[in-house]
Each structure stands twice: as C-alpha cells, then as structure tokens.
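K.L.:
Below you'll find the structure I mean.
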Amino acid sequence: MAGAAEWLVRRRTSGWAVSGLLLLLGGLTLLALPYPHSLSAARGYQETSGSVVIPAEVRDLRNMSNGRGGEYWVEVRGPASVSGRIELDDPDPVLSRLSRGDRVGVLLWHGRRTGITFDGRIQEAVTAPTLVPGLWLAGGLILLHGGVFALHTVGRLRRLTLERFPPGREPDDSLTPTGKVIAVSGAAACFAGLVTSALHEPDPLVYITIWPPVAVVALVVWGVACRIRE
C-alpha cells in the first residue's frame, strides 16, 4: 500500500512538473517570438511621420463605465479608409469631449486607424501598435511565473506526502511564503502590463519601473495583514 501511494504521488507531481515546464516554455516563446516584433512595430509607429489625419464626422459614440471595465468607442463617417467604429480603451482625453456631429480627425498609419484627434488633443485607439508590447511582455512573464509556481508546488507536494511526520503533528499544506511571493509577483506583472498598455508606452523600461513598486507594495500589505492576524 505504501508503495502504491508513493507511486500515485510521483505520478501526480510529475504532471505538475510537466505543466510547469510547458508554462515556462510558453512564456519564453511569447517573449522570444512575438514580443520583439511588436516592440519594433510600436517604436516604428512612434518614430515615423507616416501617419496622416483624415477628416471625419462623429456619427455615434459610447462612453460607458460600469466599475468593472467600460465600453468606449466612436463611430465616424467619412472616406472609406476611416469610416466605421473605432475602439478606445479610455474616455479621455478625446472621447469624453465628443458629441454626435463633431468634426474629428482620424489618424491613419499604414492603412490602420490608430487614433482620433479633436481640439488639439490626440487619443490612440486599441489598434495602435503601442498597445501590444506591454500585453505580450506581461503574458510571457505571467507564464514564466506560472511555471515557477508549478515547479515549486511539485517539491511542496512531494515533501508533504512522502515525508514522515511525528504522530500528532499534521503537515502544513498552506501556501508557503515563497509561493505567495511568486503569486504576488505574477499578479504585479499582469498589472504592470495592463498599465503600460493603457499608457501606450512600449518601452520595456517603463514596464520595469511599474512592476517592482507594485510588487513591493503588495508584499508589504500582505506582510502587514499577516502580522495583524498573528
């Protein structure tokens, strides 16, 4: 019976190990393949003067926030190259100032509608290349965190199941401090990606300056909460 239980534990943890390695490979693939291309496209978009502004008229718009997100878009009427709905990720600085019938400018870059301009202000659309690098970077790092967490869990499960504990002493199967640090760091990586994308800032240094402070603050809050509970 003991041999069968040990076999089941090893089989279970082997699955966790494979999952962890696959997540690590997935994260490395996201960082190594799509991210450099998206970063290059975003930088090219920022540095080029190839964007043109096409006049159009606001036909309809939506500026709605429900506390869990929002629905932001403007539908314009004009030349065929710009007519249609333009999705935005925020009401400011342009959408909140628009009304039906307003005359706006639509930014066109290599046939892609990348933003709108009104009254001297510019707001980039979700189709702008600057939105993508932060999301790819966050996605790759989250997968890497997931892989590390899975491999950490493998060692934890093996120790809890195979180690012989004294009678009357139950093993502690709660999340370890190391596991909590990995989880908090992964959540901070996700948050930093969302913020960097919302800023339409593809520079990796901006991502790095956002990620550590968020992680440190989260860890401090977690540490204080643990002390209060104790």
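K.L.:
Where does each of 126-139, 146-159 land if you order them by average Cβ count within 10 Å, highest first? Don't skip to the answer; put the middle values down first.
P.N.:
On the way: 126-139: 21.9, 146-159: 18.1.
The most tightly packed comes first, giving 126-139, 146-159.
K.L.:
Along the Cα→Cβ direction, 7 angstrom out, place labels at Arg227 and Val53. What is the inter-label distance in nm?
P.N.:
Simple spin-label model gives 5.4 nm for this pair.
K.L.:
Assuming 0.36 nm per residue, please report the length gained on full extension of the stretch His37 to Ile208 beyond their Cα-Cα distance.
P.N.:
59.7 nm
K.L.:
If you stretched the chain out fully between Leu199 and Asp60, how much longer would it get, using 0.36 nm times the residue separation minus the C-alpha to C-alpha distance?
P.N.:
Going from the current span to full extension adds 47.5 nm.
K.L.:
Once you place label points 7 Å from the Cα toward the Cβ at Arg121 and Leu22, how far apart are they in nm?
P.N.:
4.7
Read-outs throughout are calculated quantities, based only on the coordinates presented, and are distinct from any laboratory measurement. Predicted, not measured: the structure shown is a model, and the values here were computed from it. Don't worry about glycine lacking a Cβ; one is built from the backbone with ideal geometry, like all the others, and counts go over all protein chains shown.
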